[in-house]
Every structure is written in structure tokens, then in C-alpha cells.
Amino acid sequence: MVEGRRGLGQTFSNRTFTVVNTLCMLLFSFLCAYPMWYILVLSFNEGQDALMGGIYWWPREFTLGNYIVVLSNSIIANAFWISVLRTVIGTVGSLLVTSMVAYALSRSELPGRRPITLFFLLIMLFSGGLIPFYIQLIQLNLINTFWVYIFPSLFSVWNMLVMRTSFRSNIPESVVESMKIDGAGYVRIYFTLILPYSMPLLAALGLFTAVGHWNDWFTGAFYVQDINLQPLPTYLQRVMSSVEASNMISASQINAAREASMYNPAAVTTKSVRMATIMLTTLPILLVYPFLQRYFVKGVLIGSVKE
Amino acid sequence: MKWSWIRWKALLPLYFFLIPGIVLVILFNYIPLLGLQIAFKDYGFREGVWGSPWVGLQNFKEFAASADFWRATGNTFLLTGLRLALVFPTTILFALLINEIRSFAFKRFVQTMSYLPHFISWIVVIGFLDAFLSLDSGGANSMLRSIGLQPVPFMGSEAWFRPIFLLSGMWKELGWGTILYLAAIAGINPALYEAASMDGAGRWRQMWSITLPCILPIISIVFILQIPSLLSAGIDQIYPMINPANIGVAEVIDTYILRLGIGQAQYSMTTAIGLVTSVMATALLLGSNYLSKRAGGEGIW
């Protein structure tokens, strides 16, 4: 009898717990997604109308005008391509350079493997800091060039360690040995065995690297002065100041007569243009996110395995 | 077996594979490391890192005498200390609550939603904040107006900077931070829960008496790894948020180095600041690792 009552009490408190927890989780999920929805709605709303406020869920005066202004802007189109280029070159290059090092260090027959590994590991502990790094970029003439986005991040110790562990434990040594007996050298083994069989891992690490490249505004803002070489997030940082956004609007008004039938140029504001730019910067991330998701736990956990 | 030339020749490609990585690490990691010497020099661009004259501790004395530096240091510790105190336990709690979701699909949904902000650029997050909190047309202020209150200049106010810093940081990283904990929880032996529920322990009780103790080793590792971040509040987040109205509470060591170093070309003094902070970060890491091991917990080595 006593047992039974306690059991019932437990069930009740467990059920309360479940309900409260579900509500909390729903609220939190909503809070994570809502800011993006809010910006999306504002970016499709006429700027003048949005200034009156009160738009939270749905556009009140729907328009494509903000996007037309943003997409017809030549600086932003250029910034978009800079972002795409640096993301593609930076990611492919980084995977190649990093996996080559990881492959060499994964071979236990390599003489000098330990000191070389230590040479790479030490940079995780000590860093020269921002200013000596900046001076080195000046010395290498990388400041104000496209390559400042690529070279400094071409090698990643962290990814190297993850790849090395995976090359060692996921690729059967017997296959490597049999390829060697068939006369294959290390280069051929790397291209025909290691790389193809590590594609899921490389895809995972590559997606994380690509997101890092796409989101980086810092490099463009401090190491590059030429507007034509700055990527989208750096441009966004500048658009946050109203001067830049109104430049964009006045530049678009030259074409306005042609497009006047499509939107009302007078209704576009600095803020509505900013919303469209934010969406343009975020959209590619939202598009790759579902693919990234498959690799979340995998990518994070492989790296954290203690050896 | 002796090392013959043939064997070496076969191994040669492996060394070639190492060359790009070694060159890059020398150029972008080791040479800047040697560049730290300008903390003790009066760096001139023409003389270069090696040719500039030694000045002893002058650069250190210079920043130690600057009120702006101490303000930035105070702000850094306050912001990162608050962040650690607030976000660290909240992340653990959040992981425990996600774990309590019984429906697989709903759990997956919550994880998808809460990981998403991690992949959004800080500059975009600042854009969200600006859109929602701006004085003229931000959603928050139009709500305040509609209930008859005065609008608040959230983004340009000293009082609101810290809450905005903490909440936006939490929004971005809370979900992502749970991944390691959730993986650790997944590895707990289910028999423990069965035994506990046989003894009449409810869900809440199981969470405190089984799940939490079982992930304690991971918790202490994550904590140790976060200690060095006490010295860096995060340039990506703070720099775009700083404006003349809030600089008094918003300027941190990182942005101070950026403003004086790259902005005003005071290379030697800012390198000295960087050196002190990175030595302190390493010391904090080693210290907390040591203390954690002394206390019988996990260490990262």
C-alpha cells in the first residue's frame, strides 16, 4: 500500500517534470531561431513602413526592394565572390596541406616522427599574439592582398591531430601493406587509399573550416584596406554604420528609374538594406547547416579523444 | 634491418608531404613567437624585429602607467568572470535537461535549433542585436513605446552592455556547449538508472545522483580548458559592439591591443601587453590543472 502510493507520487512528479521540461525546451528552441525570422521578415518589408515598428511575425508591406538594392550593388556582389573564393580555396587548400602532414605523421616507420610531431604540437601552447603576427604579415607583404585570407589558416594543428588519429585507426594497415607489396609508393597510397577512404572525415572537417572562412570578418577588417578585396562579413560590419548603407542606397538610385516599377526606392532605408545584407550573409550558412548537422557530434568528439 | 638508400628513397615523399605544413608553421607561428622580443625593444619599422634597440622593461612600465590599460583589464576580468559564472553552469543544466527529453525526434529538434547559433557569424549576431535593440525602430523599443515607456538606448549604454554581452554570448554558445556533456551522458551505464528507479528515485533525483556525478570528470576538464579564456573576452563579439557611449565598460584587453597596436602602430607596448596576458593564461591553465589533480579530480594531462 505504502509502496503503491509512493509509486503514484513518483509518476505524478515525473509527469510534471516532463511537461515543464518540454515547455522550457520549446521556448529555448524558439529563442534560438526567432532572431533569424525577425531579420527575414524585416528584410522583406518596406523600410519606411518598418520604421513605425510593430513588425514581429510577418511583413506588413511586402517588397523585394531591399534585396534589389543589395543585389544590384557592385561592391556587395564583389564581396560575395571574395567570400566564395576564399572559402573554396581556403578549405580545399587547408584540407590538402593538413592531411598531407597528418598522413606523414601517421606512418610509424617515419624516422624523426616524434620530434616533428612535437614541433607541430608546441604551437598549440605558445603563440606570439596579435601584434607580432601582424608584423609578420607586413613583412611577408600579405597585408592588403587576397592571400592573407588563405595562407595563415592553411595548416590547422587541431585538424591534423584528428586526421592523424583517423588515418591510423580507420585505415587497415594490412591494406596499406598489400598496396606496398604491389609496388605502390607513399604518394599513390595517399591519393588512392587514404584520401578516398577518409572522405566522410574530410567532409566534416571541411565544412567546419568553410564555415569559419565564411564567417570571418576580422581578417578583412584589419589586414585588408582595399574595399574590393573585403569579404561579405567585413562589408556587413561596415554597413552597420549608416553612412555606408546610405551610400549603397544612393548608388542604387541611379538605376532606380529602370526598376521603379519593381519597388518604391523612396521606401528603402539604411536599416532595411542592412537587414537584406544580413540575410545574404547568413543564407549560405543556413543552407549548409543540414549537412553540417550530420557531422556535429562526430567532428567534435573525434577531436576530443584522449590518446 | 639497416637503413639503406632504397628505404630512404621510398620514405622521401613523406618528408615532402611535411614541407608545406612546416613552412607555414615557421612563417605564421614560430617567427611571430620570436617577434615577441619587441616587447623588450623599441620597435621601428625600418630597423625590424631584430635590429630595433633594446629598452628593457620600458614598454611594460608604459602600459602599467596607463589608466586605460587598467580599465581594460578590469573590464576583461569582470566580463569573463561573469560569463564563466553564468554560462558554465547553465550549459551543464541545459545538457541535463536535453538528456531528459524522452522523445527522440523532439530531442533531435531541440539540438538542431540550439546548435544553429554557433554557426552564425558574430557580426551577424551583432546585426540581430542592432535590429532588435536600436533606439529608433528596434523591436524592443517599439514594444516599450507601445506600453507607454521611454525608449532605452540599449546598444549605446554602459548599464546595458554587460547584460547584452552575456545574453548574446549565451544565445550563441549555450546549445553548442552541451555536445561534450551529452556524449558523456550517452556513455553512462543504463543499469545505474534501472537500479535507481527500482529504489524509487524519480527523474529529478536520478539526474542529480547519477547523471551529474558520472559526467563530473568531463565537467572538470571543460572547466580547466575555459580558465585561460578569463583573459580574452572575445574580439569578434566585443569589437563590433564598442561605441563611444559604452567604451568605459566595453573596452577589454583584446580590443585595447587592437586599437593601440594596429590602429595607432604602438607595436612594442601592445606586444608587451600580449606577452603578459598569454603568460598569465598559460599559468592559469597549469595552475587550475594542478589544483584539479590535487583535489583528486581529472586533469587535462
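Starting from the Cα gyration tensor of region B:89-191, take the square roots of the eigenvalues, sort them a ≥ b ≥ c, and report rounded, prolate or oblate (rounded when a/c is under 1.5, otherwise prolate if a/b is larger than b/c, else oblate). Prolate shape, in that a/c is at least 1.5 and a/b is the bigger ratio. Per-residue Karplus couplings for region A:191-207, computed as 6.51 cos²θ - 1.76 cosθ + 1.60 with θ equal to phi - 60°, are listed in order as 7, 9, 10, 4, 4, x, 7, 9, 3, x, 5, 4, 4, 4, 5, x, 4 Hz, Gly and Pro entered as x. One Cα centroid belongs to region A:40-100, the other to region B:172-207; the line between them spans 41 Å. Surface burial for A against B, with a 1.4 Å probe and both sides summed, reaches about 7800 Å² of accessible area. Average accessible surface for the protein assembly as shown: 47 Å² per residue, computed with a 1.4 Å probe over protein heavy atoms with every protein chain in place.
Given 25 °C and 0.890 mPa s, compute D for chain B with the Stokes-Einstein relation, Rh being the Kirkwood radius over Cα pairs; round to the nearest whole µm²/s.
Numbers: Rh = 23.5 Å.
Answer from the Stokes-Einstein relation: 104 µm²/s.
Hey, any idea what the orientation-averaged projected area of the convex hull of region A:90-134's Cα atoms comes to, in nm²? List each step's numbers first, then the result.
On the way: hull surface 16.7 nm².
Mean orientational projected area (region A:90-134, Cα hull): 4.2 nm².
Taking the Cα centre of the protein assembly as shown as reference, the dipole from Cβ charges on Lys and Arg (+1) and Asp and Glu (-1) amounts to some 1380 debye.
Take the alpha carbon gyration tensor of the protein assembly as shown, find the square roots of its eigenvalues, order them as a ≥ b ≥ c, and report rounded if a/c is under 1.5; if not, report prolate when a/b exceeds b/c, else oblate. Rounded, since a/c falls under 1.5. Carbon-plus-sulfur accessible fraction, chain B (probe radius 1.4 Å, protein heavy atoms only): 69%. Summarising the amide proton neighbourhood of A:Asn45: residues at separation of 5 or more, or on other chains, whose placed amide H is nearer than 5 Å comprise A:Thr63. When exposed loop sites are taken as trypsin sites (Lys or Arg not before Pro) in a DSSP loop with at most 16 other Cβ atoms within 10 Å, the longest stretch of chain B clear of them is B:103-301.
Region B:82-96 and region B:5-50 have Cα centres spaced 40 Å apart.
Distance from the C-alpha centroid of region A:199-229 to that of region A:118-191: 17 Å, rounded to the whole angstrom.
Return the loop-located chymotrypsin sites (Phe, Trp or Tyr not before Pro) in region A:21-108 (DSSP other than H, G, I, E, B) with at most 11 other Cβ atoms within 10 Å of their own Cβ; answer none if there are none. Don't jump to the answer; show the numbers that get you there.
Details: sites: A:Phe28, A:Phe30, A:Trp37, A:Tyr38, A:Phe44, A:Tyr56, A:Trp57, A:Phe62, A:Tyr67, A:Phe80, A:Trp81, A:Tyr103; in loops: A:Phe44, A:Tyr56, A:Trp57.
Counting only loop positions with at most 11 other Cβ atoms within 10 Å, the chymotrypsin sites (Phe, Trp or Tyr not before Pro) in region A:21-108 are A:Trp57.
Comparing B:Phe104, B:Phe128, B:Phe161 in a Gaussian network model of chain B where C-alpha atoms under 10 Å apart are linked, the largest mean-square fluctuation is found at B:Phe104. Amide H contacts under 5 Å for B:Lys41: B:Val55, restricted to partners 5 or more places along the chain or on a different chain, H placed in the peptide plane at 1.01 Å from N.
Please sort through the DSSP H helices of chain B and keep those with an alpha-carbon extent of at least 20 Å along the long axis and a Kyte-Doolittle average not below -0.5. Before the final figure, lay out the partial values.
Details: long enough: B:5-25 (30 Å, 1.58); B:67-99 (47 Å, 1.08); B:158-186 (43 Å, 0.81); B:267-294 (40 Å, 0.71).
Length and hydropathy pass: B:5-25, B:67-99, B:158-186, B:267-294.
Please get the size of the charge dipole for chain B, origin at its Cα centre, with Cβ charges of +1 on Lys and Arg and -1 on Asp and Glu, quoted in debye to the nearest 20. Before the final figure, lay out each step's value.
Working: 19 positive and 15 negative charges, 169 e Å.
I would put it at about 820 debye.
The values are calculated or read from the model by the stated rules, or taken from the named source; none is laboratory data. If you're wondering where the values come from, they're calculated on a predicted model, not measured in any experiment. Every residue, glycine as well, gets a Cβ built from its backbone with ideal geometry; the counts of neighbours run over all protein chains shown. Please note that ligands, DNA and RNA were not included when accessible areas were found on the heavy atoms of the full protein model with its side chains. Shrake-Rupley method; radii C 1.70, N 1.55, O 1.52, S 1.80 Å.
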